[in-house]
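Here's the structure, in structure tokens; my notes come after.
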Amino acid sequence: MSLVLVLFALLMLATAVALWRGRREPSSLREGRLSVLRILLEAGWRAQFLVGMLLGGVVLAFAMPSALAFEVDRSLVVMAAAGLLVGFGTRLGSGCTSGHGVCDLPRLSPRSLVATLTFMATGVLTAVIVGRLLGGAA
Amino acid sequence: MKSAFFAGLSGFLFALGLGISGMTRPDVVLGFLDVLGAWDPSLLFVMAGAAGVYFVLYRLVLGRGRPLLAGAFQLPTRRDIDERLIAGSALFGVGWGLGGICPGPGIVAATSLALPFLVFFGAMVAGMLLFCLLFPKDAG
């Protein structure tokens, strides 16, 4: 059901974009200005990487749904707080477990060693405290 | 066209790896971080495995001198350790210990459309935008 809603929302969004772009002079679809493929090709590697990730997620959702199970005792408020901290912290610290941990540690970057040790420390401390408060994750 | 394909392929493989290794599951991540609970060392092996593969491959790749589909390699150049690195990593760690998800898995898990993951993803984007608002010179 939620998939249907998302698809509907995307269709409405595409319609809105089409209406907005058509307000001056309508351009032929064949000219490719509204082509999703063209948008992707010109979007830069970051957007392309992201799209690849989302496709991977969709494949997982069908082939290995257990990978995307949410089985911890955390309320939506906690997940929202977690998301805010992760989003802000990653940008402020210029990286996360993948950036500093997987990519930069093998390059023997002292900067990433400090970053990794720091987030490991606060991560463990937070998880231990919250785990005792809430009685464990699983 | 080719570089777009490989950028997408990288993301695709990254997502699959995260999912198969269990990193998209907060209970697996928190099982590692909560060292006083029923400890699950999986995350350590995943990180070691990934870092190990990267360690070997990046030397081989950089040894070529030039990438196949671009003019030059783009590598991080910063070596300094400043307050932002530490503060940011610390904050990230708290969020990670709270929710058991970090950015990569957060994006992948959001495709399940499960509400907790969507909430996390939305908040993560909001947190990133908040950074852009507070530090406009560094945004981008």
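The values are calculated or read from the model by the stated rules, or taken from the named source; none is laboratory data. The structure displayed is predicted, hence computed values, not measured ones. Reconstructed Cβ throughout: ideal geometry from the backbone, glycine too, with neighbour counts over all protein chains shown. In case anyone asks, the SASA skips ligands and DNA or RNA and just uses the protein heavy atoms, side chains included. Shrake-Rupley method; radii C 1.70, N 1.55, O 1.52, S 1.80 Å.
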Worksheet item: In this structure, is residue A:98 more than 7 Å from chain B (Cβ to nearest Cβ) and either touching a Leu at 6+ places or on another chain (Cβ under 9 Å) or modelled with pLDDT under 90 (or both)?
Response: no
Response to the item:
Of the residues in segment B:33-45, those that are more than 8 Å from every other protein chain (Cβ to nearest Cβ) and in a loop (DSSP other than H, G, I, E, B) come to B:39, B:40, B:41
Fill in: Flag for residue B:48 being surrounded by fewer than 21 Cβ atoms within 10 Å (Cβ to Cβ), more than 7 Å from chain A (Cβ to nearest Cβ), in contact (Cβ under 8 Å) with a residue 40 or more places away in the chain and of a type in the set (Gly, Ala, Ser)
no
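Of all residues in segment A:60-78, which are farther than 25 Å from residue B:12 by Cα and either open to solvent by less than 30 Å² (accessible area, probe 1.4 Å) or of a type in the set (S, T, N, Q) (or both)?
Step one: of segment A:60-78, the residues farther than 25 Å from residue B:12 by Cα are A:72-78.
Result: A:72, A:74, A:75.
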Worksheet, complete the sentence: Across segment A:79-98, the tally of residues that are hydroxyl-bearing (Ser, Thr, Tyr) and surrounded by 24 or more Cβ atoms within 10 Å (Cβ to Cβ) stands at 2
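Quick check on segment B:51-60. Is at least one of its residues in a loop (DSSP other than H, G, I, E, B) and over 17 Å from residue A:100 (Cα atoms)?
Applying the first criterion (in a loop (DSSP other than H, G, I, E, B)) to segment B:51-60 yields none.
No; the residues of segment B:51-60 include none that is in a loop (DSSP other than H, G, I, E, B) and over 17 Å from residue A:100 (Cα atoms).
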Fill in: Single unsatisfied condition, residue B:131 versus (1) assigned to a helix (DSSP H, G or I); (2) more than 7 Å from chain A (Cβ to nearest Cβ); (3) closer than 27 Å to residue A:78 by Cβ
(2)
